[in-house]
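Any read-out appearing in this document is the output of simple, stated calculations on the displayed coordinates, not a laboratory observation. All values reported here derive from a predicted model rather than from experimental measurement. Note that we place each Cβ from the backbone using ideal geometry, even for glycine, and neighbour counts take in every protein chain shown.
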Amino acid sequence: MCAERINRKYSDYTLMDAGCRTMDLKPMLKECREYYGSDLIAGEGVLECNLEEELPFKDGQFDIVTALDVLEHLNNPHGALKELCRIARRAVFVSLPNMYYIKFRMNFLLGKGISGKYNFHKDPVLDRHRWVMSYRETVEFIYHNCANYGVEHEPILPARGRTKLIMEPLEKTLYKFSPNAFAYGSLFEVTLGDSRD
């Protein structure tokens, strides 16, 4: 969804993919001039970068910054979002999960746990979620913390295979009545406009 949105609206741009892990976004971008990936642990083509700290980049250094399923891993998502907006010139894309999604609720009810990212590990782990957030909370978080910019968002609904023709229209309808239960997550585009030019 994020790549489709970027490909539709932007060309000849630089992009910082914060928390990129294996750079899955990179091959989906059509007119990206320069792609930079960063993560907590450096890898081939991936810069080491801790989003809990001030980022080592200039104001507006990248045209576009993405943080896809990243902020929920941080103790200070507010500060990280502020930093991501600081280093972007044109737009910031953020996706966040909705842990109130009906499948997660059912798993929890049946004793299966919400997701491995919430396990209480015997040993310390770096990669874990720190927030149990609802769809509405993610929307409020982004709109409040990006009040000086333009913000658009859309729900992330589950991708379906064989049941697509039946389930997708049904889930789109159910989402309208109860986004907390039927949106898998949310994708935000924060438009910084010409404020960095």
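A simple packing score, the average count of other Cβ atoms within 10 Å per residue, orders the peptides 71-79, 48-56 as 71-79, 48-56, with the highest score first.
Take the alpha-carbon centre of the stretch 70-137, take the same for the stretch 30-63, and report the distance between them in whole Å. First find each Cα centre; the distance between them is then 20 Å.
When you filter the trypsin sites (Lys or Arg not before Pro) in the stretch 124-197 for DSSP loop state and at most 13 other Cβ atoms inside 10 Å of their Cβ, you are left with Arg160, Arg162. For the stretch 1-45, the Kirkwood radius over C-alpha pairs fed into Stokes-Einstein at 37 °C and 0.692 mPa s yields D = 302 µm² per second.
Under a model in which nothing but the beta-carbon of Lys, Arg (+1) and Asp, Glu (-1) is charged, the stretch 46-156 shows a dipole of about 420 debye around its Cα centre.
Based on Cα atoms of the stretch 26-168, Rg over Rh with Rh as the Kirkwood radius reads 0.98.
Beta-bridge orientation, the chain: approximately 45 percent antiparallel, per DSSP, counting only bridges with both partners inside.
Rounded to the nearest 5, what % of the DSSP beta bridges within the stretch 4-73 are antiparallel ones? Spell out each step's value before the answer.
Details: 1 of 13 bridges.
Approximately 10 percent, going by the DSSP bridge assignments.
What you get for the chain, charging only the Cβ of Lys and Arg (+1) and of Asp and Glu (-1), is a dipole of about 940 debye around the Cα centre.
Summarising the amide proton neighbourhood of Ile156: residues at separation of 5 or more, or on other chains, whose placed amide H is nearer than 5 Å comprise Tyr184, Gly185, Ser186, Leu187.
Among the listed pairs Lys26/Lys117; Lys9/Lys58; Lys103/Lys172; Lys103/Lys164, which are separated by more than 22 Å between their Cα atoms? Can you show the working numbers first?
Values: Lys26/Lys117 24 Å; Lys9/Lys58 24 Å; Lys103/Lys172 15 Å; Lys103/Lys164 17 Å.
Over 22 Å apart, Cα to Cα: Lys26/Lys117; Lys9/Lys58.
Approximating the spin labels as points 7 Å out from Cα along Cα→Cβ, the Asn7-to-Lys112 distance works out to 3.2 nm.
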